[in-house]
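Please treat every number below as a calculation from the coordinates, not as lab data. What you see is a predicted model, and the numbers here were worked out from it, not measured in a lab. We place every Cβ from the backbone using ideal geometry, glycine too, and count neighbours over all the protein chains shown.
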Amino acid sequence: MKKFFGVAIAMLLLATVTFAGPAAKHKATGDADWVNNPSNYNQQANTTFNAINTGATGLEAKGSLIYTDANVTYTMDIQLLKVVGNEASFAGVVTSVNTNEAGCCLVGNWIIYKVRDIGEPGVGADQIWGADLGPNSSEDARAKVTSMFEPEGGGPFVLNGGNIQVH
């Protein structure tokens, strides 16, 4: 009988170790429409993004983002992501832009976003913030992502189309 209980306990421990998978990686995805800075800029904007942490811990991430409004379109390589509850903060470097004018979103600039997934549907509920950090260092972007930075004047904007998912 003791041998049976010993074998049963060993099987239970083996099953626990065998079936316990790695911790899930956080991710944020979205196809979001909003009016960008209604009091000043007042342009309909859209961004489509996907970001996923490359490990179960840490900020390192991979992903991409494309932003467009009436004046600018840029793409971004997402490198950092932090998820807390229904909010995500992520940052990356602009890899292409359709203008060479000084100002927002030049190639090499760091961009930070914060998103809040309020529920389904996202229209009229989900929120987005964004800011161009300029050619700042990755350490500055990392500090802002870590603190879940909310850019002044860069939101929150409530979605008028699309949805945001934070997992």
Item checked: Ordering of 53-61, 71-79 by burial proxy (mean other Cβ atoms within 10 Å per residue, highest first) -> 71-79, 53-61
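How would 142, 116 line up from fewest to most surrounding beta-carbon atoms within 10 angstrom?
142, 116
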Check: If you take the beta carbon distance between residue 23 and residue 44 as r and set R0 to 41 Å, what does 1/(1 + (r/R0)^6) give as a FRET efficiency, to the nearest 0.05?
Finding: 0.60
Notebook entry, point to check: Across the range 61-75, in residue order, what do the Karplus-derived ³J(HN,Hα) couplings come to in whole Hz, using 6.51 cos²θ - 1.76 cosθ + 1.60 with θ = phi - 60° and x for Gly and Pro?
Noted result: 8, 9, x, 8, 8, 10, 10, 8, 9, 5, 10, 8, 10, 9, 10
Next item on the list: Find the centroid of the Cα atoms in the range 146-167 and in the range 49-126, then give the distance between the two in whole Å.
Entry: 10
Item checked: Ellipsoid equivalent to the range 100-167 - semi-axes via the Cα gyration tensor, in Å -> 25, 15, 9
Notebook entry, point to check: Hey, what does the equivalent ellipsoid look like for the range 23-166, semi-axes from the Cα gyration tensor as sqrt of 5 times each eigenvalue, largest first, whole Å?
Noted result: 21, 19, 13
Checklist line | Residues of type aspartates and glutamates that residue 114 reaches as a straight line, Cα spacing below 20 Å, ignoring anything fewer than 8 places off in the same chain | finding: 31, 33, 60, 69, 77, 87, 126, 132, 139, 140, 150, 152
Next item on the list: Report the full-extension gain for the segment residue 70 to residue 143: residue separation times 0.36 nm, less the Cα-Cα distance, to one decimal in nm.
Entry: 23.2 nm
